[in-house]
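Heads up, the thing below is written out as structure tokens.
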Amino acid sequence: MRPFRLTSVISDLSKLNSCRATHHVNVGTGEDIAIRGLADLIAEVVGYNGEIRWDTTKPDGTPRKLLDISFLHSMGWKHKTSLKDGLRLTYKDFLKTRETGETKETNQARKTR
């Protein structure tokens, strides 16, 4: 089981600017997903209808790694993008980059010149 977070969400943590926490702050959704579920979700998002094969001779992986985000929620911050929507945005960006050869970074650099 793994938690995921959209990197653009990290920059949306303006509420933490006023925080004077003396400890680390976990950032996440408070939800996790098994690798099989993630593979199925990615297949759905990208329109893959083929077979997903698993090597069952390999270890199952590590135990659950769900972050405790109660402190973050107590500060009023909650995620706005679901994993499925984040995957859709990421795939859309991937397709655009593959088609144009431009990334957000190269596009931004060209705008600032």
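Where in the stretch 26-70 are there GluC sites (Glu not before Pro) that are in a DSSP coil and have at most 10 other Cβ atoms within 10 angstrom of their Cβ?
Here the sparse-neighbourhood loop sites are 51.
Based only on other Cβ atoms within 10 Å, what is the fewest-to-most ordering of 77, 54?
54, 77
Testing the spin-label approximation: label points 7 Å from Cα along Cα→Cβ at residue 40 and residue 81. State their distance in nm.
Between residue 40 and residue 81, the label points sit 2.4 nm apart.
Considering amide H positions built from the backbone, and no H for Pro or chain starts, which residues 5 or more places from residue 33, or on another chain, come under 5 Å of its amide H?
Residues meeting the amide H criterion: 2.
Please report 57, 103 as a ranked list, fewest other C-beta atoms within 10 angstrom at the top and most at the bottom.
Working: 57 5, 103 12.
Lowest count first: 57, 103.
Sort 25, 45 so the one with the fewest other Cβ atoms within 10 Å of its own Cβ comes first.
So the residues, fewest neighbours to most, are 25, 45.
Laboratory data are not the source of any read-out in this text; all were calculated from the coordinates shown. In this text the structure is predicted, and so the values were computed from the model without any measurement. Because the Cβ atoms are built from the backbone with ideal geometry, glycine has one as well, and the counts that use them run over all protein chains shown.
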